Amino acid sequence: MKKLLIFTMILILFLIIIYPNNVSATATSLDQIMEGADDFIDAGGGDKDVDKTIDTDSLKDTSDFLYNVLLGISMVVAVIVGMVLGIKYMTSTTEDKADIKETLPAYVISCVVVFGAFTIWKIIVNIIQ
């Protein structure tokens, strides 16, 4: 453990030393700094005629799509893990069954956390509307 820590510290020190630190400052006066700031603001402004409001319908559609995809993936993973645990439990010896029983609370807690997060997400989206 101590060797790993020393190796990690040496690696980080080495990366810090070889990382190029190129700092360049081209503005030499206050006028040049202000001109650069104005150019930056103008570049972010874009067209003045463009409406910059958020389309809530598009945002809701994207959120619903993402919600459904992630919920589907999490359901598939939860079912597959549950099936694997069940098959292992049915085909294992007494000692192995005890090991599987130790992993069961972690599986249940992870399912509660994942599906609880999706429930909270859906509640928040409905409240915001």
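Figures for the structure shown
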{"item": "Per-residue HN-Hα couplings for region 31-40 [Karplus 6.51, -1.76, 1.60; θ = phi - 60°; Hz; x = Gly/Pro]", "result": "5, 5, 5, 5, 5, x, 5, 5, 4, 5"}
{"item": "Anisotropy class of region 56-128 from Cα gyration tensor, a/c 1.5 cut", "result": "prolate"}
{"item": "Karplus (6.51, -1.76, 1.60) ³J(HN,Hα), θ = phi - 60°, over region 69-75, in Hz, Gly and Pro reported as x", "result": "5, 5, 5, x, 5, 5, 5"}
{"item": "Computed over the chain, Cα set: Rg, Dmax in Å", "result": "27.5, 80"}
{"item": "222 nm mean residue ellipticity, helices alone, for the chain (DSSP H n ≥ 4; -39,500 (n - 2.57); rounded to 500)", "result": "-28500 deg cm²/dmol"}
{"item": "In the chain, lysine pairs with alpha-carbon atoms under 20 angstrom apart (chain gap of 8 or more, or interchain)", "result": "4"}
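Laboratory data are not the source of any read-out in this text; all were calculated from the coordinates shown. All values reported here derive from a predicted model rather than from experimental measurement.
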